[in-house]
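What follows is a single structure, written as structure tokens, with notes after it.
The values are calculated or read from the model by the stated rules, or taken from the named source; none is laboratory data. Because the structure is a prediction, the values reported are computed rather than measured. No Cβ is skipped: glycine too gets one built from the backbone with ideal geometry, and neighbour counts run over all protein chains shown.
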Amino acid sequence: MATGHGYGKVILFGEHFVVHGRPTIASGISKKTVAELKPGTKPGFHITDNRPAAEGYIEKYAESQRKSVELMNKAVWHLDFDRHPVEVTLGGDLYCASGVGASAASCVAMARAVSAHFNLELSAEKINLCGLEGDRAYAGTPSGIDNTCSTYGGLIYFRKNMQGGPNSIERIQLGKPLDIIMVSTGITTRTEEAVAGVKERMNRNFEEYTRLFDKAESIVKDAKEALAKGDVEAVGRLMDANHILLQKIGVSHEKLDYLCQLTKKNHALGAKMTGGGMGGYMVAVFTCPNCQEKAALACEKEGYKVIRAKIG
């Protein structure tokens, strides 16, 4: 049996703005999706999806998942699954909901398993390309950040090349590890719909949105410096500022706003939505594991799913 994995991700700064060529800071997390692949008994590429997930998530994205396999096969694998059928089971400990890079993680995990099973010996760059191509089925025009985090892990400063060349990817060395929690609203959303909404509103209010996008870029640059210095307090303040901008461009949600306030009341230095928004996940940062645990328990007490993680 061949296996493969793809890391979940958290965007600390700059989501949505990254689609328009502005920088972002994101990281892979230790939670991951695992794909187990074995020869099939009937023609085709058959998937059993056993991942832990928000209610309705698996069903909502079933067709996108099928399409993602077609896109990866067309772009990289070039395999005939009718002649060489396979059965893939998806699992792992990444709780799948909007905002944690679950779609890219599943694509990367399947790509690694396919490469191992068929002895394709795909490089990390090719696996990353699979993740990008597969994620098109979910996000329409993905920025490339999710598949990059899913493939490589670690903390990165990322800027999309709007002219179609290689994206700019820079590793960030943290001055101090970050304790974070990611909390799911339980609301499943489609990133492509959120991205399209921002684009439409930007076309109607170009000057105002350009000002907001400039501010977002400034926050990312300040955050990069704060992360390198290990100034966690500054990181928290900048996360709060980033969330306000995301509210202004219309991609937050009342549950995301509530969870930001709840975690701030329970020792978070800063909190914001992460990912596509309009539901999905938020992220909060802490000075110590004890504070992290108190906030996590407060959210779980109200019935929310929580991921505890460390970056760096």
Just to verify a result, which residue in segment 100-136, among those that are within 15 Å of the chain's Cα centre (by Cα), in a helix (DSSP H, G or I) and of a type in the set (Gly, Ala, Ser), is surrounded by the fewest Cβ atoms within 10 Å (Cβ to Cβ)? Ser103
In segment 189-214, the residues that are of a type outside the set (Phe, Trp, Tyr) and touching a helix residue (DSSP H, G or I) at 6+ places or on another chain (Cβ under 6 Å): Thr191, Glu192, Val195, Met202, Leu212
Pairs only if they're at least six apart or on different chains, beta carbon under 8 angstrom, first in segment 251-275 and more than 16 Å from Ala97 (Cβ to Cβ) and in contact (Cβ under 8 Å) with a residue 40 or more places away in the chain, second part of a loop (DSSP other than H, G, I, E, B) and charged (D, E, K, R); list them, first residue then second. Leu262/Glu302
Being crowded, with 17+ Cβ neighbours inside 10 Å, of a type in the set (Val, Ile, Thr) and in contact with a His (Cβ under 8 Å, 6 or more places away or on another chain) narrows it down to one residue among Val76, Val88; which is it? Val88
Screening Ala241, Ala228, Ala216 for residues that are assigned to a helix (DSSP H, G or I), more than 28 Å from Glu55 (Cα to Cα) and touching a Leu at 6+ places or on another chain (Cβ under 6 Å) leaves only Ala216
If the Cβ limit is 6 Å and pairs must be 6+ apart or interchain, which residue in segment 230-249 that is at negative phi pairs with which residue that is polar (S, T, N, Q)? Val232/Thr287; Leu246/Ser252
Give just the number: which of (1) touching a helix residue (DSSP H, G or I) at 6+ places or on another chain (Cβ under 7 Å); (2) not assigned by TED's automatic domain parsing to the domain that holds Ser252 does Pro166 not satisfy? (1)
Condition met for Ala97 (closer than 24 Å to Ser252 by Cβ, crowded, with 21+ Cβ neighbours inside 10 Å and of a type outside the set (Lys, Arg)): yes
Do we have Lys221 as surrounded by fewer than 23 Cβ atoms within 10 Å (Cβ to Cβ), under 30 Å from Leu129 (Cα atoms), out of contact with any Asp or Glu (no Cβ under 6 Å at 6 or more places or on another chain) and not assigned by TED's automatic domain parsing to the domain that holds Phe13 here? yes
Is it true that Gly28 is assigned by TED's automatic domain parsing to the domain that holds Tyr138, within 12 Å of the chain's Cα centre (by Cα), in a strand (DSSP E or B) and at pLDDT below 95? yes
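Yes/no matrix, rows are residues, columns are (1) over 28 Å from Glu293 (Cβ atoms); (2) assigned to a strand (DSSP E or B); (3) free of Cβ contacts under 8 Å to residues at least 12 places away in the same chain; (4) under 17 Å from the mean Cα position of the chain (by Cα):
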site	(1), (2), (3), (4)
Gln163	yes, no, yes, no
Asp179	no, yes, no, no
Gly186	no, no, no, yes
Ala194	yes, no, no, yes
Val198	yes, no, no, no
Taking the criterion of being of a type in the set (D, E, K, R), assigned to a strand (DSSP E or B), farther than 28 Å from Thr41 by Cα and in contact with a Gly (Cβ under 7 Å, 6 or more places away or on another chain), would at least one residue in segment 146-154 satisfy it? no
